[in-house]
Protein chains: 2
Amino acid sequence: MTLDLYDKHRPSLEAAISACRDRRYFSLFPETPDRHRGGAEAQAEGRARYAAALNRPLELDQPGALGLAAAEVSPYTQQPLGIEYPHANPDTLFALGSRAMNSWAAASVQTRLGVCMEIVDRLYERVFDTAQAVMHTAGQSSLMSYAGSGTNALDRGVEALAYAQMAMSHVAPAARWERQFGSTLIPLQKTYRLVPRGVAVVFTCATFPTWNAYPAMFANLATGNPVIVKPHPTGVLPMAIAVREFREVLAASGFDPNLVTLCLDTIEEPLGKVLVKHPQTAIVDFTGSARFGAWVEANAWPALCFSETSGVNTVVIDSVDDLDAVIKSLATTMSLFSAQMCTSPQNIYIPKGGITTATGRVDASEFGERLAAAMKSLAADGKRAGAILAAIQSPGTPQLIDEVQERGAKIGRVLLESSAYAHADFPQARTRTPLLVQVDAGAAGRALYGEERFGPIGFVIHCDDRDVALEQATRDAKQAGAITAFLYSTDETYIERAERAYSAAGAQLTINLTGPMPLNFAAAYSDYHVTGLNPAGNATLTDLAFVASRFRITQSRRLVKDS
Amino acid sequence: MTLDLYDKHRPSLEAAISACRDRRYFSLFPETPDRHRGGAEAQAEGRARYAAALNRPLELDQPGALGLAAAEVSPYTQQPLGIEYPHANPDTLFALGSRAMNSWAAASVQTRLGVCMEIVDRLYERVFDTAQAVMHTAGQSSLMSYAGSGTNALDRGVEALAYAQMAMSHVAPAARWERQFGSTLIPLQKTYRLVPRGVAVVFTCATFPTWNAYPAMFANLATGNPVIVKPHPTGVLPMAIAVREFREVLAASGFDPNLVTLCLDTIEEPLGKVLVKHPQTAIVDFTGSARFGAWVEANAWPALCFSETSGVNTVVIDSVDDLDAVIKSLATTMSLFSAQMCTSPQNIYIPKGGITTATGRVDASEFGERLAAAMKSLAADGKRAGAILAAIQSPGTPQLIDEVQERGAKIGRVLLESSAYAHADFPQARTRTPLLVQVDAGAAGRALYGEERFGPIGFVIHCDDRDVALEQATRDAKQAGAITAFLYSTDETYIERAERAYSAAGAQLTINLTGPMPLNFAAAYSDYHVTGLNPAGNATLTDLAFVASRFRITQSRRLVKDS
């Protein structure tokens, strides 16, 4: 039956592998809810299941529960979800995972891949459940929680499966080897086995849990490793749903569901360090803050560590053709999900002397004012604001915005003040319009913009010239970490210089992009996410290095019989 | 000119890649000195150059020298080599390496691979120099220092280049991607760049420097990273020769020779920890003791760490057809280079009740006595002893042998006493015949055999039965580390069990092998060396994981023009 699953999903996997090789556009899923195979009914059912799940214990059917815990509050209603989850002893979960590993590791690579693809299919079936869960824990918009946290996240999961298959199929299962030793020919039959490392712990973050979790979970599972998922305590539901679906498909395929378990902690009693230092932890996949991420990276040994943290994403403006188009793209991207994405731009560097445009010179202050105006008008449009800005995940974020606004007013100029806006569908939503501050590049400003300020906070930074702009922007990436970067220039020699500089700084550069695509959109199978060359994380979605060390190779050899 | 080098070596590289994929026998080099392309003349010249190098400063033409240092003593003559080497400030070497990286990283993958293959060719040209250097620092026999430390080591280097090429060519250099956003088609041109991590530090060990150094040096260099080689202070010359040849070929190819430098330290003032914790260290390749290796692994972050340390390699005897053949293979392998190889067996587990052979039952004591007798007769044959046992690298080893012999006599039975033997060609050589001790598997014995006893020290361990034997042997591997393992059994179900158990313990298993091939012979392109599943090291020669994370991928993207 399980080999049937591989056959069933083989065309999808092969197409995914081919896309990974040539990096062209590919997706297994239509990207809007209306084209979901379950139609409007599936969407209604997902919403209904979410509503029915509130204010009661979640059925997870996972052994080792010590009790229940819950801490989730919807950013849209600001009401507790009231869902209680089994709170398990980590030692129990490690023991269960280790025990479950044996038969899973003994299964063929194709069997494991078939089961994993069946899980993908199931998660797609239930993508509306996940979307509701993400929306009401992370605060994402309805559309983003469907596409970004649903179908796009699943594509990143399939991409990880494709890489796992490529890396594992790179190893020959057997070989005949022969060599002369003196006058004797020694023919050996060699057998090579793929062996998992052991239990993997997958940390997920509060604002975008599935997008990193799926690749990590599937990369681990495909290579034979059990997975313990440790969600952020304020964003458990999306991962509880995922764990439940993983477990159900594993069990239905004849494997031990304890290959995937949920480990809950609370903000008061965090388990992160316990899990990282647990003697049975073989792999850690971490998404979260740069500060704890650095601790995880430094302390994970002997476990492997794959991390994505955060950083300061930069924009450099040198010269443009159509300034309106640039402003529109920047305003939208910096507003998208209230800049609570690891790819959201924060620091815009612009030469003091202004920039050239097709319609003449625009000075730096005017640029900032026009950007602020565009952001303001976007936030003022009730319906659009909700779809783009969405809600604020953490109650700490509005506080941070106010602090930065106050400090910004002292050392620079507040181009756009932040305030709550009225969400059209959720009047109680925790919302904030973007803050935009103009500062000089010098030390006083740098104390403010030189690190990540999480949330809808942007800086327009006036520099002496474009060389200083590029130098500062790439220094931000190298020092504070960066995943993305954005450049506007009509000068090809400057573009070339910027490409080299950002490459060295390890930030993925988008050049002169305008139009309806969010500037920070990262496409599975095509865009490499995180380079590992700066503090924003050490692992890339997805390259061979993301999967190649999750399994090991053992071998045995003996004389060929009857030779 | 440098692309010519790629064309020149392309057939060799392609053949190596093909061998890595199907793991069949392959070598770029004839394996005996008489078939070297330079003939007897090359051998004579190599010897002459070695003799001429003694008792004077070595010309390395490397900047940053602070003075000279030397600490080498030939295990064959027990006289200092008297060669002085430039002793550089590590900060200087990191600065030089970083500066050299830019143009090297900007060169194409093919250019880098071509230059690296040309270095391989040069090292083969000078393989007799290396052989002499290894012989008179490590104490290897003339043949092993030529084949094991020369041609086989170069094959492992080429294997690393083959994997580097496979991993790097896996990344598309560019792609055209397009997707609909709303009603607009967004076509993007994406460019992907391979970016090196930074300066790599390669630690080499005293007994077998080149075999791990070449793969690490070439893996780093091919992926764009500069290399600082830190040899064991008692085994500098082989690496000084290598560094010199690397530098000459790099310079001749138009690159900065400071891509490869030598960093010398002394036993009194070791630099190991300084190099591992240096802020510019991006990669550490470590070969050496398990104790320092564990420190390196735990402390290398944020640098990557690839390690091979050591362990307790085991033999399990269950049943055999031809006991004489087994005894002969074991005696030879356990004597080879006085068991100073990371693959040498140490612990032989045998059921108390004895074993079945084609000619009847042989009890455990008799097995041990016959093995001791075979070792003794091998050591007594002056000419053969020198060729097989060779010399003892460290003055500490004879001391260790005597200690173990004394303790062994108290808790077990000394089957074969160790003593110096007279080397036919080098009467002053530091030599020792193997020690073989019979012990019971219990705690008293385990205190002695449960860890690596480096040098010609073996244990015949009496167990209750073959299940206990297998359990203990695989526990040795899991707890103390192991690279190799050996099994003799005529029972296929037991063999299958052992294959699974050793696979889980991460030791490479050789089954029922007899004949002229040394049991622990590891073939480039075919045998995976070190699994990473036990404390004997975390890196495998060679798999994708050995190369895939040594470079990173950056990208830039922009709208396709005129679309």
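The values are calculated or read from the model by the stated rules, or taken from the named source; none is laboratory data. Quick caveat: nothing in here was measured; it's all calculated off a predicted structure. Positions of Cβ are backbone-derived with ideal geometry, glycine not excepted, and every protein chain shown enters the neighbour counts. Just the protein is used for accessible areas: all its heavy atoms, side chains included, with ligands, DNA and RNA removed. Shrake-Rupley method; radii C 1.70, N 1.55, O 1.52, S 1.80 Å.
Data table
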| read-out | value |
| --- | --- |
| Test: residue in region B:505-512 that is within 14 Å of chain A (Cβ to nearest Cβ), of a type in the set (A, V, I, L, M, F, W, C), out of contact with any strand residue (DSSP E or B) (no Cβ under 6 Å at 6 or more places or on another chain) and at negative phi | yes |
| Residue selected from region B:147-171 under the condition facing chain A (nearest Cβ under 9 Å) and surrounded by fewer than 24 Cβ atoms within 10 Å (Cβ to Cβ), by the criterion farthest from residue B:554 (Cα to Cα) | B:166 |
| Any hit, region B:55-71, residues being surrounded by 14 or more Cβ atoms within 10 Å (Cβ to Cβ) and assigned to a helix (DSSP H, G or I) | no |
| Filter result (part of a loop (DSSP other than H, G, I, E, B), among the small types (Gly, Ala, Ser) and either facing chain B (nearest Cβ under 9 Å) or open to solvent by less than 10 Å² (accessible area, probe 1.4 Å) (or both)) within region A:540-563 | A:549 |
| Unmet requirement for residue A:91, which otherwise passes all of (1) within 30 Å of residue A:194 (Cα to Cα); (2) of a type in the set (Asp, Glu); (3) open to solvent by less than 60 Å² (accessible area, probe 1.4 Å) | (3) |
| Strands (runs of 3 or more DSSP E) completely within region A:355-446 that count 3 or more residues being surrounded by 14 or more Cβ atoms within 10 Å (Cβ to Cβ) | A:355-357, A:413-416, A:435-440 |
| Index of the failed condition, residue B:314 passing every other in (1) in contact with a Phe, Trp or Tyr (Cβ under 7 Å, 6 or more places away or on another chain); (2) surrounded by fewer than 22 Cβ atoms within 10 Å (Cβ to Cβ); (3) of a type in the set (S, T, N, Q) | (2) |
| Complete set of residues in region B:220-246 that are within 14 Å of chain A (Cβ to nearest Cβ) and in contact with a Leu (Cβ under 8 Å, 6 or more places away or on another chain) | B:223, B:224 |
| Number of the condition not met by residue A:190 [criteria: (1) at the interface with chain B (Cβ under 10 Å from one of its Cβ atoms); (2) open to solvent by 10 Å² or more (accessible area, probe 1.4 Å); (3) at pLDDT 95 or above] | (2) |
| Filtered residues of region B:513-539 (kept if more than 7 Å from chain A (Cβ to nearest Cβ) and of a type in the set (Ser, Thr, Tyr)) | B:514, B:525 |
| Unmet requirement for residue B:481, which otherwise passes all of (1) surrounded by 24 or more Cβ atoms within 10 Å (Cβ to Cβ); (2) closer than 21 Å to residue B:338 by Cα; (3) facing chain A (nearest Cβ under 10 Å); (4) not hydroxyl-bearing (Ser, Thr, Tyr) | (3) |
| Every residue from region B:2-35 that is of a type outside the set (Val, Ile, Thr), open to solvent by less than 40 Å² (accessible area, probe 1.4 Å), at negative phi and modelled with pLDDT of 95 or more | B:5, B:6, B:9, B:12, B:13, B:15, B:16, B:19, B:20, B:26, B:27, B:29 |
| Failed item, numbered, when residue B:306 is tested on (1) over 30 Å from residue B:111 (Cα atoms); (2) assigned to a strand (DSSP E or B) | (1) |
| Total residues in region A:228-258, condition closer than 17 Å to residue A:109 by Cα and in contact with a strand residue (DSSP E or B) (Cβ under 7 Å, 6 or more places away or on another chain) | 1 |
| Residue in region A:79-91 that is among the charged types (D, E, K, R) and outside any helix (DSSP H, G or I) present | yes |
| Selection from region A:484-514 of residues that are open to solvent by 10 Å² or more (accessible area, probe 1.4 Å) and of a type in the set (A, V, I, L, M) | A:501, A:504 |
| Within region B:172-185, tally of residues that are among the hydrophobic types (A, V, I, L, M, F, W, C) and more than 7 Å from chain A (Cβ to nearest Cβ) | 2 |
| Residue, nearest to residue B:36 (Cα to Cα), within region B:98-135, restricted to residues that are open to solvent by 40 Å² or more (accessible area, probe 1.4 Å) and not in a helix (DSSP H, G or I) | B:126 |
| Residue in region B:35-46 that is under 30 Å from residue B:387 (Cα atoms) and within 14 Å of another protein chain (Cβ to nearest Cβ) present | yes |
| Considering residues of region A:449-471 that are within 26 Å of the chain's Cα centre (by Cα) and not in a loop (DSSP other than H, G, I, E, B) only, the residue nearest to residue A:364 (Cα to Cα) | A:459 |
| Qualifying residue in region A:173-194 (condition: without any contact (Cβ under 8 Å) to a residue 60 or more places away in the chain and touching a helix residue (DSSP H, G or I) at 6+ places or on another chain (Cβ under 9 Å)) | yes |
